[in-house]
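The values are calculated or read from the model by the stated rules, or taken from the named source; none is laboratory data. These figures come from a predicted structure and were not determined experimentally. Ideal geometry is used to build each Cβ from the backbone, glycine not excepted, and the neighbour counts take in all protein chains shown. For accessibility, only protein heavy atoms count, side chains too; no ligands or nucleic acids. Shrake-Rupley method; radii C 1.70, N 1.55, O 1.52, S 1.80 Å.
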Amino acid sequence: MAGTPPALARARILPATAMPPWGWLLLYFAAHVLGRVLVSPALELDEAEQAVWTQHLQWGYGAQPPLYTWLQWAVFQLLGASVFTLSLLKNGLLALAYVCVWLAGRTLMPAGLAALAAATMLLLPQIGWEASRDLTHSVLLTTVSAATLAVVLALLRSPRPALYLLTGVVAGLGMLSKYSYAGFLGVLLAALLTGRDTRAVLLNRWTLAAVAVAATMVVPHGLWVLQHWGLAVESTAGKLTSAVPVGFFQGLWRGLTSLVLAVLAFAGPWALAMGLLFGRGALQAWSRWWRPQAAPAGSGLHLQALWQRYFVALGLLFLAMMVFGEVTRFKDRWMMPFLFLLPVAFFGCAPELAQHARLPRLRRVLATVAVLVLVLLTARVPYNAMRDKPDELNQPVRELAQALRARGYAGDGIILSNDRTLAGALRLQFPRAHIEVDDGDGNLPTQRPLLWVEPLTDALPTRPHDLVLPYLFSATGDVPARYRYALLP
């Protein structure tokens, strides 16, 4: 791109609209927040967990590190606990992920092409759709991983003490975001250490300072993990293996099959769009991941070769997980911290695409997908009610709270429920109450008043004192929501 006139590059890359890319980014995620607030006062599972966990500051929460909950607690302290503040944090982190990918791309390509590359993350279903639907820790993990990539690429370009220390900070934040960040960081470090041009940047005394910064940030949570090992680690490890023991080769085959399907589900739509739009240019970009071009003359860095080493290290990590960790199951959302950088690697290996005639078509594709995601995410709640298959967001939690008040509950004391989603939603409806999730041990809290409430399954008959309420957006005659409660004054 050194020989490309800047004005020509901008003319090809940037649309003829007055709004800058960051303006569209803010508008898009503001629309997500507005749609989430308007569609339902109920909560998805991950949202409900945050509503419950943020009642206390702790060094760990269940099988997750604490950073997301700490951030949500801070937002609640500033703006109150609500659907708005739950959605605001998540969509703010998603917007920041796109910004960090853009910053990483700017080290490899013109700023306009970097913005377009970051926008193509919308075509990665787990980021473009699922992250907006119901994810929390994975969103933060992706954001911090993108920030790590941006800082490391800046460090490779211009090694200086401030960037080493910033690398330590983002690494510490990553370890406090989700445990799988260690895998991403390990793969990235392996790619850096195995390259002659990048190894020297790490073999620096300031790297020790970065490690010290990260360790200082992580040690308190690490001590918590040691005290809650079963809760923090064993429950996570159980998600990776088969419930029924299998032989080595059968397990390896299952793991490979699951991995391929997870990667295809994560990256398939994005790769298909790039292939259809850019044709031979896309094939050339992908081929440079495995056969990098010669390093630019006069440059100490060969970043195309960095992607080759990164993907090889990633493949070896997954293989080691299957061989030594007996991992047989992979989920597409687990690819988020490892493959979010596909757009950066793709366009970074083909900067000539800045002049491609189909860039305007790519912008139209992205705009269409963005509108579809917004519409479908909002419409799915009434649509589920219309087909009489309500989900969590169809729960009539506001009407339930009104009915409980009408039956004598003043909104304080303890609320106990065996349903985590309902428990979290009731915290937003009764901000003065303390919410607890019933773990099934049969012991009731001693504090009074105590409100016990649970949703009824289809197998349980309705009693006269139960609450029967229509689901949100449901039609007359649809099966209603039913709740059983007991109030101990």
Search result, residues across region 73-94 that are under 14 Å from the mean Cα position of the chain (by Cα), surrounded by fewer than 20 Cβ atoms within 10 Å (Cβ to Cβ) and of a type in the set (S, T, N, Q):
S87
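Find the helices (runs of 4 or more DSSP H) located wholly in region 329-433 whose residues include 2 or more that are touching a helix residue (DSSP H, G or I) at 6+ places or on another chain (Cβ under 7 Å), crowded, with 23+ Cβ neighbours inside 10 Å and not aromatic (F, W, Y), and list them. It would help to see each step written out before you state the result.
On the way: elements: 336-339, 342-348, 359-386, 397-406, 420-429.
So the answer is 336-339, 342-348, 420-429.
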Note on Q304: of the conditions (1) assigned to a helix (DSSP H, G or I); (2) closer than 24 Å to I127 by Cα; (3) among the polar types (S, T, N, Q), unmet is (2)
Considering residues that are open to solvent by 50 Å² or more (accessible area, probe 1.4 Å) and touching a Pro at 6+ places or on another chain (Cβ under 7 Å), the number found within region 434-457 is 2
Given the options A313, A232, A212, name the one that is open to solvent by less than 30 Å² (accessible area, probe 1.4 Å) and modelled with pLDDT of 95 or more.
A313
Which of the residues spanning region 33-72 are assigned to a loop (DSSP other than H, G, I, E, B), farther than 14 Å from V381 by Cβ and open to solvent by less than 10 Å² (accessible area, probe 1.4 Å)?
T54, G60, P65, P66
Within region 191-199, can one find any residue that is in a loop (DSSP other than H, G, I, E, B) and either open to solvent by 80 Å² or more (accessible area, probe 1.4 Å) or modelled with pLDDT of 95 or more (or both)?
yes
Would it be correct to say that L156 is modelled with pLDDT under 95 and in a helix (DSSP H, G or I)?
yes
When you look at L460, is it in contact with a Pro (Cβ under 7 Å, 6 or more places away or on another chain) and outside any strand (DSSP E or B), yes or no?
no
For a quick check of your reading of the model, give me the residue pairs whose first member lies in region 410-432 and is under 23 Å from V75 (Cα atoms), whose second is assigned to a helix (DSSP H, G or I) and open to solvent by 20 Å² or more (accessible area, probe 1.4 Å), with beta-carbon atoms closer than 6 Å and at least 6 apart or on different chains.
T421/L45; T421/E392; A423/V52; G424/V52
Which residue is farthest from R405 (Cα to Cα), if the candidates are limited to region 463-486 and must be among the charged types (D, E, K, R) and either part of a loop (DSSP other than H, G, I, E, B) or open to solvent by 70 Å² or more (accessible area, probe 1.4 Å) (or both)?
D478
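Answer yes or no as to whether G424 is on the phi > 0 side of the Ramachandran plot and not charged (D, E, K, R). Break it down stepwise before answering.
On the way: on the phi > 0 side of the Ramachandran plot: no; not charged (D, E, K, R): yes.
Taking the combined requirement at face value, the residue does not satisfy it.
Quick test for you: out of S145, S138, S177, pick the one residue that is buried (at least 17 other Cβ atoms within 10 Å of the Cβ), not in a helix (DSSP H, G or I) and not hydrophobic (A, V, I, L, M, F, W, C). Full working, then the answer.
Details: S145 fails: not in a helix (DSSP H, G or I); S138 fails: not in a helix (DSSP H, G or I).
Within the list S145, S138, S177, the selection yields S177.
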Within region 200-211, restricting to residues that are among the aliphatic types (A, V, I, L, M) and in a helix (DSSP H, G or I), the one that is nearest to L156 (Cα to Cα) is V201
